[in-house]
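Below is one structure, written out as structure tokens; comments come after it.
Each reported figure results from applying straightforward, stated rules to the coordinates on display, with no laboratory input. The structure presented is a predicted model; accordingly, all values stated were derived computationally and were not measured. Cβ placement follows ideal geometry from the backbone for every residue including glycine, while neighbour counts extend to all protein chains displayed.
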């Protein structure tokens, strides 16, 4: 029987700040940056900073499936591969991507709200 890991505690550590930041985001690009920074922080925590995770390793793809992309460099890391198949890590990142994608789509559909904030 394989050992199952859970990263829900790591998710809870970043979730409140993540939600606050995406709710304050004024553009789709800002939402993408928040998602990238949050997942970067999460993966650095999960991997104990033994693998350097950089912003360019992660991309939010709000209009496609899957909703995000992880660089080939990270996907080839044995430790991440192990966690990916033996934990809830893909689900944790997917939940963050769903939330960010929803906010991104909302901002893209209603650019007048962003423009109104800029004019104030």
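Mind pulling the angle between the C-alpha long axis of helix 89-109 and the longest principal axis of the chain? Nearest 10 degrees, somewhere in 0 to 90.
Tilt relative to the chain: about 10 degrees.
So, in Å, what gap is there between the alpha-carbon centers of region 76-99 and region 1-61?
11 Å
Return the label of the correct value of P(r) over Cα pairs in 10 Å bins from 0, in percent, as calculated from the structure shown, out of [x] 13, 44, 29, 11, 3, 0; [y] 12, 29, 24, 19, 12, 3, 0; [z] 13, 34, 31, 18, 4.
Evaluating P(r) over Cα pairs in 10 Å bins from 0, in percent on these atoms matches [x].
What angle, in degrees between 0 and 90 and rounded to the nearest 10, separates the Cα long axis of helix 8-24 from the longest principal axis of the Cα atoms of the chain?
10 degrees
Given region 30-100, what whole percent of its Cα pairs are spread farther than 20 Å? Don't skip to the answer; put the middle values down first.
Values: 490 of 2485 pairs.
The proportion of pairs with Cα distances above 20 Å equals 20 percent.
Could you state the angle between the C-alpha long axis of helix 28-46 and the longest principal axis of the C-alpha atoms of the chain, as a value from 0 to 90 degrees rounded to the nearest 10?
20 degrees
At 7 Å along Cα-to-Cβ for each site, give me the label-to-label distance between residue 19 and residue 79 in nm.
3.0 nm
If R0 is 30 Å, what FRET efficiency do you get for residue 12 and residue 71 from their C-beta distance, rounded to 0.05?
On the way: r = 26 Å, r/R0 = 0.85.
The pair residue 12/residue 71 has a calculated efficiency of 0.70.
Note the full-extension length gain between residue 105 and residue 44 as 0.36 nm times their separation in residues minus their Cα-Cα distance, in nm to one decimal. Before the final figure, lay out each step's value.
On the way: separation 61, 0.36 × 61 = 21.96 nm, distance 2.75 nm.
The residue 105-residue 44 span can extend by a further 19.2 nm.
Do the sum for the chain: with -39,500 (n - 2.57) for every DSSP H run of n ≥ 4, divided by all residues, what is the mean residue ellipticity at 222 nm, to the nearest 500 deg cm²/dmol?
On the way: 6 runs with 79 residues, N = 120.
That calculation yields -21000 deg cm²/dmol at 222 nm.
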